[in-house]
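Here is the structure we will look at, set down as structure tokens.
The values are calculated or read from the model by the stated rules, or taken from the named source; none is laboratory data. Since we're looking at a predicted model, the values are computed, not measured. Virtual Cβ from ideal backbone geometry, glycine too; neighbours counted across all protein chains shown. In case anyone asks, the SASA skips ligands and DNA or RNA and just uses the protein heavy atoms, side chains included. Shrake-Rupley method; radii C 1.70, N 1.55, O 1.52, S 1.80 Å.
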Amino acid sequence: MNNVDNSPIDWPSIDWLAITPMIVLLGGALVLLVVGALTPRWPRSLYALATVVLTIPALVIEMVLWNRVGHEGPVAVIGDVLAVDRLALLAWIGITVATALVALSSSEYLRREQLDGPESYAMYVLAAIGGMALASANEFVVLFLGLETLSIALYVLAASHRRRVESQESGLKYFVLGGFASAFLLYGIALLYGATGTTNLSTMGRFLEAEVFVNGDDAMLLAGLALLLVGLGFKVAAVPFHFWTPDVYQGAPTPATSFMASVGKFAAFATMLRVLLVALPSRADDWRPVIWVMAIASVVIGSILAVVQTDVKRMLAYSSIGHAGFILIGVEAAGHAGDTDGLPSSLLYLTLYSVLVVGTFTVVSLVSRTGDGHTDLAAFRGLSKERPALALGMTVFLFAQAGMPVTSGFVAKFGVIKAAADNRSYAVAIVAMIASVVAAVLYLRIMISMWLSDAESGDDQREKVAVPFTSALVVTVSVAFTLFAGIFPGWLIDASRDALVLVR
Amino acid sequence: MSALLAAATPTTTWYLILAAVLFGIGAVGVLVRRNPLVMFMCVELMLNAVNLSFVALAKRLGDIGGQTTVFFVMVVAAAEVVVGLGIIVSIMRRRPGATADDITALKG
């Protein structure tokens, strides 16, 4: 027994404050699941209220951390696996707020569809934790774990409408294609690990900065980069890896769709920015052309295919592909040497879009009526007479998605196009502007259906569109934010500029 | 024949090539097979091909990091099985014997 090694084990110092938002949400989700399973059904809206109450301490701590980063600068915590910088924190705040909004908008939806229970809310919160880990992962293993936590919860949410065959189909398609994409991403990580000997983003960035490759030594690195981009492209729904999006968005329960479009996109883009700008900035000349192609293809195909759809959820799915293309324009700009506009503009776009899209899909979930099946254009006919306020809210959202001035959508689109033009990517900027005009047709089609279409026979027999208080609250908050950020964008632009200093 | 085999010492490159082949088989399988269960098995094959790459690369680099990553991947794959089988069972209960070609309520 003489050779027993009793020396202390190296233990990374743990910055508890930095992970408190995740711990609070995780604890809350588990309590919600266990207590919810053991007690009879809670009174109306109480599950949603509990979820919102849960997000408040998380949000407060995120604000505290935001201030701390301002004073002490960005840090990598817990053995350098989590980056606490303003990119991560802005994503955390966006994800937390979107989770609260989606939970509120789900409340009456789940009641109407007789799916009320704690499970959906717990899934939202667990997915949000995955998204937060993903957005701040400074280590590829954590990135993969966060991505899968987010994705697996989203598969469940997509399939969660037990009586709709479309929902189950959407869950199955999302699951198979999502797993397929994760495998590509993971293979990319494996090859990057093989080429650089590390799975830490900062270490990889420093290694690649110093390393000089000769005679195709970097074949494994390039293969890894390509596979990684395929995997990330799937997750952010960029053309040509977008084909799952319309089916999944259309079939999934509408609040789950809004969750995917806001939280899912925010987290995936945050990690894409971090991977490309922290681990692979010295290979920017290799990945920038790929992003360029994906950006142009996404804005063009997203806009054109959206216009020819007849189902509003499907239209919005294609429009979300177009929005992903716009965000990719910012990512492409960030790949130019010395650029300071790309990262802030894509982050600003994500922040504004994630609130906007939750509001839009909340209106769609109300109009879809019992059964969640009425999402074609005809379902919106006469909405201005039946529910003028709701139609007005939807109009604001649609104007914002089209990028009209005075709304947040204009600020967002202006930012990325300016970033592209500043970096002399004029082709991208011009294509993006043309595509946004084409996409405006799609938003106009929905508006015409709401405001101008004449009632047809049989419309009287349709179920009336009910507007419960919680959903009205979500729509009001989203409209207020969309207009406020459109008129006074300065503070948000400053916040996104602060995100420029990353953990390296 | 035995002399030939004796002369060839397996290197990590062999395992990397095997992993790439397995990954390719899995990827093609997802694209061409029509049974949701088999498609799902092909995804698992892809993940395990990546695991093999991780282990081979860790051996080549003399680094323990790649081998520990494999455990994380295995845990995630197990969690995915739970959710995936749940979804497949709930579809099959409604439509026994459905293939991916039958599941076409969504299109446009």
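Tell me, what is the percent relative contact order of the range A:1-133, built from C-alpha pairs under 8 Å that lie six or more residues apart?
Once normalised by length, the contact order is 36 percent.
Using protein chains only (no ligands, no nucleic acids) and a 1.4 Å probe, work out which residues of the range B:44-61 have their accessible area cut by at least 10 Å² relative to the chain alone.
B:Met46, B:Leu47, B:Val50, B:Ser53, B:Phe54, B:Leu57, B:Arg60, B:Leu61
By how many degrees, 0 to 90 and rounded to 10, does the Cα axis of helix A:118-136 deviate from the longest principal axis of chain A?
Rounded to the nearest ten degrees, it is 40.
Just to be sure I understand the model, the point goes 7 Å from the Cα along the line to the Cβ. What's the resulting A:Val34 to B:Leu85 distance in nm?
Each label point is offset 7 Å from its Cα along the Cβ direction, giving 2.6 nm.
Ranked from highest to lowest mean number of other Cβ atoms within 10 Å per residue, what is the order of the peptides A:171-181, A:6-16, A:60-70?
Sorting A:171-181, A:6-16, A:60-70 by mean packing, highest first, produces A:171-181, A:60-70, A:6-16.
Once you keep just the Cα pairs under 8 angstrom separated by 6 or more residues, what percentage relative contact order results for the range A:193-345? Don't skip to the answer; put the middle values down first.
Values: 167 pairs, mean separation 38.4, N = 153.
Over the range A:193-345, the number comes to 25 percent.
What dipole magnitude, in Debye to the nearest 20, does the range B:1-101 give about its Cα centre under +1 on Lys/Arg Cβ and -1 on Asp/Glu Cβ?
Working: 7 positive and 4 negative charges, 62 e Å.
The dipole of the range B:1-101 has a size of about 300 debye.
Say each of B:Asp102 and A:Ile9 gets a label point 7 Å from the Cα, pointing the same way as Cα to Cβ; how far apart are those two points in nm?
Those two pseudo-labels are separated by 5.1 nm.
Give the lysines reachable from A:Lys385 as a straight Cα distance under 29 Å; neighbours fewer than 8 places away on the same chain don't count.
Filter leaves A:Lys313, A:Lys464.
If the reach is capped at under 18 angstrom between alpha carbons, list the aspartates and glutamates near A:Lys173, excluding any in the same chain fewer than eight residues apart.
Those aspartates and glutamates meeting the cut-off are A:Glu148, A:Asp247, B:Glu44, B:Glu80, B:Asp101, B:Asp102.
For the interface of B with A, what's the total buried accessible surface in square angstrom, probe 1.4 angstrom, rounded to the nearest hundred?
3500 Å²
Given Cβ point charges of +1 (Lys, Arg) and -1 (Asp, Glu) and nothing else, what value in debye, to the nearest 20, does the dipole of the range A:105-207 about its Cα centre take?
Once rounded to the nearest 20, the dipole reads 100 debye.
Cα axis of helix A:284-307 to longest principal axis of chain A: angle in degrees, 0 to 90, nearest 10?
Value to nearest ten degrees: 10.
Using C-alpha positions alone, give me the convex hull volume of the protein assembly as shown per residue in cubic angstrom.
So the per-residue Cα hull volume is 186 Å³.
Report the relative contact order of chain A, percent, no decimals, based on alpha-carbon pairs under 8 angstrom and at least 6 residues apart.
About 16 percent, as a whole number.
I'd like the distance between the alpha-carbon centres of the range A:13-58 and the range A:222-249, rounded to an integer number of Å.
The distance from the Cα centre of the range A:13-58 to that of the range A:222-249 comes to 32 Å.
Given a Förster distance of 35 Å, report the FRET efficiency between A:His71 and A:Leu483 from their Cβ-Cβ distance, rounded to the nearest 0.05. Write down the numbers at each step before the final one.
Values: r = 33 Å, r/R0 = 0.93.
Efficiency for this residue pair is about 0.60.
With a 1.4 Å probe and all protein chains left in place, how much accessible area per residue does chain B have, in Å²?
Each residue of chain B exposes 56 Å² on average to a 1.4 Å probe.
Is it possible to state the helix-based mean residue ellipticity at 222 nm for the protein assembly as shown, with each DSSP H run of 4+ residues giving -39500 (n - 2.57), the sum divided by total residues, to the nearest 500 deg cm²/dmol? What is it? The partial results should precede the final answer.
On the way: 24 runs with 443 residues, N = 612.
That calculation yields -24500 deg cm²/dmol at 222 nm.
If you count, for each residue, the other Cβ atoms within 10 Å and average over each peptide, how do A:152-162, A:322-332 line up from highest to lowest? Present the calculation step by step, with values, prior to reporting the outcome.
Numbers: A:152-162: 24.6, A:322-332: 29.2.
So the peptides A:152-162, A:322-332, ranked by packing, come out A:322-332, A:152-162.
Quick one: the Cα spread of the range A:422-504 along its three principal axes, in angstroms, biggest first?
60, 35, 26
Provide a whole-number value for the mean count of partner chain Cβ atoms within 10 Å of the Cβ atoms in peptide A:164-176.
On the way: counts 1, 6, 3, 3, 10, 10, 4, 7, 11, 5, 1, 10, 10.
Mean shielding count: 6.
Once the dipole of chain A is set up with Lys and Arg at +1 and Asp and Glu at -1 on Cβ about the Cα centre, which of A:Pro40, A:Ala337, A:Thr198 lies farthest towards its positive end?
A:Pro40
Using per-residue counts of other Cβ atoms within 10 Å, averaged over each peptide, order A:298-306, B:24-32 from highest down.
Ranked from most to least packed, the peptides come out as A:298-306, B:24-32.
Applying 1/(1 + (r/R0)^6) with R0 = 25 Å to the Cβ-Cβ distance of A:Asp460 and A:Val308, what FRET efficiency is obtained, to the nearest 0.05?
0.25
Based on alpha-carbon centroids, what's the gap between the range A:109-169 and the range A:443-504 in Å, whole number please?
23 Å
Say the dipole of the protein assembly as shown comes from +1 at the beta carbon of Lys and Arg and -1 at that of Asp and Glu; which of A:Leu134, B:Ile87, A:Leu392 then lies farthest toward its positive end?
Checking the options against the dipole of the protein assembly as shown, the answer is A:Leu392.
What is the average number of partner chain Cβ atoms found within 10 Å of a Cβ in A:248-255?
1
Any idea of the accessible area per residue across chain A, 1.4 Å probe, to the nearest Å²? Spell out each step's value before the answer.
Values: 17740 Å² over 504 residues.
Solvent-accessible surface per residue comes out at 35 Å².
Tilt of helix A:201-210 relative to the longest C-alpha principal axis of chain A, in degrees (0 to 90, nearest 10)?
Computed tilt is about 50 degrees.
Using the Cα centre of the range A:348-453 as the reference point, and only Cβ charges (+1 on K/R, -1 on D/E), how large is the resulting charge dipole? Debye, rounded to the nearest 20. If you can, show how the numbers build up before the last one.
On the way: 8 positive and 4 negative charges, 28 e Å.
Charge dipole of the range A:348-453: 140 debye, to the nearest 20.
Which of the listed residues, A:Ala499, A:Ser7, A:Ser457, is farthest toward the dipole's positive end in chain A, when Lys, Arg count +1 and Asp, Glu count -1 at the beta-carbon?
Farthest towards the positive end: A:Ser457.
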